[in-house]
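The values are calculated or read from the model by the stated rules, or taken from the named source; none is laboratory data. This structure is a prediction, so every number in the text was calculated from the model and none was measured. Positions of Cβ are backbone-derived with ideal geometry, glycine not excepted, and every protein chain shown enters the neighbour counts. For accessibility, only protein heavy atoms count, side chains too; no ligands or nucleic acids. Shrake-Rupley method; radii C 1.70, N 1.55, O 1.52, S 1.80 Å.
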Amino acid sequence: MSAREPGFATLAVHAGAAPDPTTGARATPIYQTTSFVFEDVDHAAALFGLQTFGNIYTRIGNPTNGVLEARVAALEGGTAALAVASGHAAQHLVFHTLLTPGDEFIASTKLYGGSINQFSHAFKSFGWEVVWADPDDISSFEKAVSPKTKAIFVESIANPGGVVTDIAAISAIAKKAGVPLIVDNTLATPYLWQPIKDGADIVVHSATKFLGGHGNSIGGVIVDAGTFDWSATDRYPFLSKPRPEYQGMVLHETFGNFAFAIAVRVLGLRDLGPALSPFNAFMILTGIETLGLRMQRHSENALAVAKYLAAHPKVEWVSYPGLDGDKYHALAAKYLPKGAGAVFTFGLKGGYEAGVRLVSSVELFSHLANIGDTRSLIIHPASTTHRQLSDEAKVVAGAGPEVVRLSVGIEDPADIIGDLEQALAQL
Amino acid sequence: MNHDSYEDAYIRAILDGVRTIAVVGASANPVRPSYLVMTYLAERGYTVYPVNPGQAGKVVAGLTFSRSLADVPVPIDMVDVFRAPEHVPQVLDEVLALAQRPKVLWTQLGVRDDAAAARAEAAGLQVVMNRCPKIEYGRLSGEIGWSGVNARTISARRPKLMGQGVQRLSIATRGPASER
Ligand SMILES: Cc1ncc(COP(=O)(O)O)c(C=O)c1O
């Protein structure tokens with residue numbers, strides 16, 4: 001290659017991959033094996049001591065997963081990455097590497113509901129306390145900072161869609177507080193937005209969604225931006241202190257600007273164990289080859305659908321930042337010039353009954369709880385994912401009775417709109 | 001030359017060309033970065049001489065420590081410096097005083113001294129600063145991708161096995177042997 005930096009589409013197809021050195025296989029092989037033979041005892045010792053690059057056991061690393069990791073790191077503009085079993089596993093390992101019991105982290109109130117659950121309940125039993133802040137009021141992040149704060153967590157575009165987070169502004173607060181900014185970039189993907197350029201120190205993904213993109217594999221990725229100075233204080237001992245697990249090695253000193261990616265692997269994935277199957281890594285890698293093409297089409301289709309719905313007499317409101325006049329349109333113009341993604345919500349004038357009726361009347365849309373599939377997806381949160389919440393809590397969570405969420409697929413836009421049209425006609 | 005960044009071809013030619021490397025400021029402690037670098041380079045086929053007056057004569061991982069660069073028993077192709085930046089001029093003095101001059105002065109990540117670099121270049125040495133030869137080798141061979149690291153290289157050519165076991169890749173220019 002020339003000295004010129006390869007473009008996004010080239011990286012999406014090539015980064016991290018090369019023809020297999022032994023067989024010449026051009027597609028990345030699925031190394032479906034638990035373990036790898038050592039050349040001799042010295043080689044084994046060097047691998048276990050983190051002295052040499054190489055493969056030991058698929059819970060710690062696998063060559064197929066390694067290609068996925070290097071590719072997502074390249075697409076996000078990070079130094080290194082780690083692929084894990086799910087988006088939630090990625091979040092768990094990130095916080096495990098940063099926090100000890102009694103620590104706090106600040107999280108946006110505008111997050112995927114599953115992440116709100118994970119932070120509020122599951123993390124409590126680890127002694128990690130979440131402090132909520134509202135991205136519509138940036139000063140609430142600053143007010144939430146305490147001496148116990150170890151990290152800030154936001155989503156770039158927040159699920160259930162429509163919210164665009166001002167990452168540069170929140171990054172400034174994180175820098176002032178001396179803590180890393182973690183951005184869940186699942187809904188935007190690096191094609192639409194590279195949060196590292198706006199100050200993210202760690203990026204996480206549910207690769208289950210647009211990275212894989214075809215609704216066939218659960219997976220997660222953690223990207224190290226290489227930007228955070230873990231040794232500036234002694235608040236991140238996994239990185240800055242001698243580790244008893246590795247004979248006193250100091251990971252930041254040893255691995256420099258990719259130390260976080262190594263730490264989540266050798267102190268997180270190794271010990272907590274949510275490894276990604278190499279088969280899933282292969283499926284996600286194959287999906288990523290067309291990431292740019294798909295995200296462009298997803299965004300164009302979503303904008304067309306949002307415009308259609310905004311003009312429909314049975315629709316009360318549409319929350320899509322790609323629409324002129326939307327609350328987040330200015331942020332979308334700044335951060336998402338190529339498009340505002342596929343996922344958004346809208347409200348039906350007919351309320352709860354209309355929502356239930358709509359999801360039962362669609363033919364092309366699939367009624368399910370996922371997003372980020374090639375197929376168009378629909379859900380009525382109040383009757384499904386958010387059913388157990390009180391009416392009041394539903395509204396706060398953006399899942400009021402009239403709300404419908406779409407993940408617009410890459411089918412022909414006329415067919416997507418046509419399906420909504422026939423379904424709306426039945427209300 | 002400018003030392004803010006290097007072309008991959010420049011680094012590859014250096015790492016492909018040198019055979020004997022002296023590591024100044026090497027540690028005998030197996031979890032120190034200098035130890036990890038020198039043992040890795042030795043594993044990848046380089047002849048490595050750790051240099052550290054406090055460890056002179058000690059043998060670690062099959063490598064024998066020398067008291068000084070002048071005490072290294074063979075001609076040195078490359079000197080890799082694991083010392084704080086303020087020591088680089090003095091190391092360079094020792095390099096330039098050697099009977100057979102090394103071809104390359106390399107200083108580790110975080111170690112940069114542009115004045116010393118200019119002096120070394122005027123004396124005919126090639127210089128690499130603020131880089132790690134282990135990372136560069138891992139990047140250019142592709143091995144570092146096994147750890148999920150973004151190697152910032154792209155190639156549709158087949159990587160070459162070193163021929164010394166399966167988990168070792170060479171940095172030799174890729175492609176079919178018949179074309180080389
Ligand atoms: C924004 C976001 N983050 C994280 C997750 C969790 O990912 P996974 O389901 O792969 O564990 C999801 C899943 O819906 C999501 O939408």
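Pairs, please: C-beta under 9 Å, at least 6 apart or cross-chain, first residue within 11 Å of another protein chain (Cβ to nearest Cβ) and in segment A:29-43, second open to solvent by 90 Å² or more (accessible area, probe 1.4 Å) and at pLDDT 95 or above?
Close Cβ pairs (under 9 Å, with a partner that is open to solvent by 90 Å² or more (accessible area, probe 1.4 Å) and at pLDDT 95 or above) amount to A:Phe36/A:Tyr57.
With the requirement that a residue be among the acidic types (Asp, Glu) and outside any helix (DSSP H, G or I), what does segment A:29-50 give you?
A:Glu39, A:Asp40, listed by residue number.
Go through (1) within 10 Å of the ligand (Cβ to nearest atom); (2) open to solvent by less than 10 Å² (accessible area, probe 1.4 Å) for A:Ile167 and report which single condition fails.
Looking at each condition in turn, A:Ile167 falls short on (1).
How about segment A:68-86: which of its residues are open to solvent by less than 10 Å² (accessible area, probe 1.4 Å) and among the β-branched types (Val, Ile, Thr)?
Of everything in segment A:68-86, those that are open to solvent by less than 10 Å² (accessible area, probe 1.4 Å) and among the β-branched types (Val, Ile, Thr) turn out to be A:Val72, A:Val84.
Residues that are of a type in the set (Ser, Thr, Tyr) and under 25 Å from A:Lys307 (Cβ atoms): does segment A:137-145 have at least one?
Within segment A:137-145, none of the residues are of a type in the set (Ser, Thr, Tyr) and under 25 Å from A:Lys307 (Cβ atoms).
Which condition does B:Ile154 not pass, out of (1) open to solvent by 30 Å² or more (accessible area, probe 1.4 Å); (2) β-branched (Val, Ile, Thr); (3) within 12 Å of another protein chain (Cβ to nearest Cβ), if it passes all the others?
(1)
From the list A:His96, A:His43, which residue is under 20 Å from the mean Cα position of the chain (by Cα) and in the same structural domain as A:Lys241 (by TED's automatic domain parsing)?
The conditions single out A:His96.
Tell me whether segment A:294-308 contains one or more residues that are surrounded by fewer than 17 Cβ atoms within 10 Å (Cβ to Cβ), within 21 Å of the chain's Cα centre (by Cα) and at pLDDT 95 or above.
yes
Out of A:Leu11, A:Leu75, I need the residue that is within 23 Å of A:Ser156 (Cβ to Cβ), within 8 Å of another protein chain (Cβ to nearest Cβ) and assigned to a helix (DSSP H, G or I). Which one?
Every option except A:Leu11 fails the conditions.
With A:Leu364, A:Leu331 as the choices, which residue is open to solvent by 10 Å² or more (accessible area, probe 1.4 Å) and under 20 Å from A:Thr165 (Cβ atoms)?
When all the criteria are applied, what remains is A:Leu331.
Search segment A:365-380 for residues being away from the ligand (no atom under 12 Å from the Cβ) and free of Cβ contacts under 8 Å to residues at least 24 places away in the same chain, and hand back the single one that is farthest from A:Gly215 (Cα to Cα).
A:His367
Yes or no: B:Val74 β-branched (Val, Ile, Thr), loosely packed, with under 14 Cβ neighbours inside 10 Å and under 22 Å from B:Leu15 (Cα atoms)?
Here the answer is yes, as B:Val74 does meet what is asked.
Search segment A:99-157 for residues being away from the ligand (no atom under 15 Å from the Cβ) and among the polar types (S, T, N, Q), and hand back the single one that is nearest to A:Ala369 (Cα to Cα).
That would be A:Ser125.
Go through (1) away from chain A (no Cβ under 14 Å); (2) part of a helix (DSSP H, G or I) one by one and return the number of the condition B:Trp146 breaks.
(1)
Out of all the residues in segment B:105-118, is one or more facing chain A (nearest Cβ under 8 Å) and aliphatic (A, V, I, L, M)?
So far as segment B:105-118 goes, yes, one or more of its residues are facing chain A (nearest Cβ under 8 Å) and aliphatic (A, V, I, L, M).
Would you point out the residue of segment A:213-235, among those that are away from the ligand (no atom under 16 Å from the Cβ) and more than 14 Å from every other protein chain (Cβ to nearest Cβ), that is farthest from B:Phe82 (Cα to Cα)?
A:Arg235
Scanning segment A:178-212 for residues that are under 20 Å from A:His298 (Cα atoms), within 11 Å of the ligand (Cβ to nearest atom) and among the hydrophobic types (A, V, I, L, M, F, W, C), which turns out farthest from the other protein chains (Cβ to nearest Cβ)?
The selected residue is A:Leu187.
Residues in segment A:104-118: is at least one free of Cβ contacts under 8 Å to residues at least 24 places away in the same chain and surrounded by fewer than 17 Cβ atoms within 10 Å (Cβ to Cβ)?
Yes, some residue in segment A:104-118 is free of Cβ contacts under 8 Å to residues at least 24 places away in the same chain and surrounded by fewer than 17 Cβ atoms within 10 Å (Cβ to Cβ).
Taking segment A:404-416 on its own, how many of its residues are part of a helix (DSSP H, G or I) and either surrounded by fewer than 18 Cβ atoms within 10 Å (Cβ to Cβ) or of a type in the set (Lys, Arg) (or both)?
Of the residues in segment A:404-416, 2 are part of a helix (DSSP H, G or I) and either surrounded by fewer than 18 Cβ atoms within 10 Å (Cβ to Cβ) or of a type in the set (Lys, Arg) (or both).
How many residues does segment A:236-262 hold that are part of a helix (DSSP H, G or I), more than 12 Å from chain B (Cβ to nearest Cβ) and either free of Cβ contacts under 8 Å to residues at least 24 places away in the same chain or crowded, with 18+ Cβ neighbours inside 10 Å (or both)?
Of the residues in segment A:236-262, 3 are part of a helix (DSSP H, G or I), more than 12 Å from chain B (Cβ to nearest Cβ) and either free of Cβ contacts under 8 Å to residues at least 24 places away in the same chain or crowded, with 18+ Cβ neighbours inside 10 Å (or both).
To keep it simple, each residue is scored yes or no on (1) within 16 Å of the ligand (Cβ to nearest atom); (2) outside any loop (DSSP other than H, G, I, E, B); (3) open to solvent by less than 20 Å² (accessible area, probe 1.4 Å); (4) at pLDDT 95 or above.
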site: A:Met1; (1), (2), (3), (4): no, no, no, no
site: A:Thr22; (1), (2), (3), (4): no, no, no, no
site: A:Ala27; (1), (2), (3), (4): no, no, no, yes
site: A:Thr52; (1), (2), (3), (4): no, no, yes, no
site: A:Gly66; (1), (2), (3), (4): no, yes, yes, yes
site: A:His88; (1), (2), (3), (4): yes, yes, no, yes
site: A:Val94; (1), (2), (3), (4): yes, yes, yes, yes
site: A:Thr97; (1), (2), (3), (4): no, yes, yes, yes
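Identify, from the list A:Leu358, A:Leu348, A:Leu303, the residue that is free of Cβ contacts under 8 Å to residues at least 60 places away in the same chain and on the phi < 0 side of the Ramachandran plot.
A:Leu303
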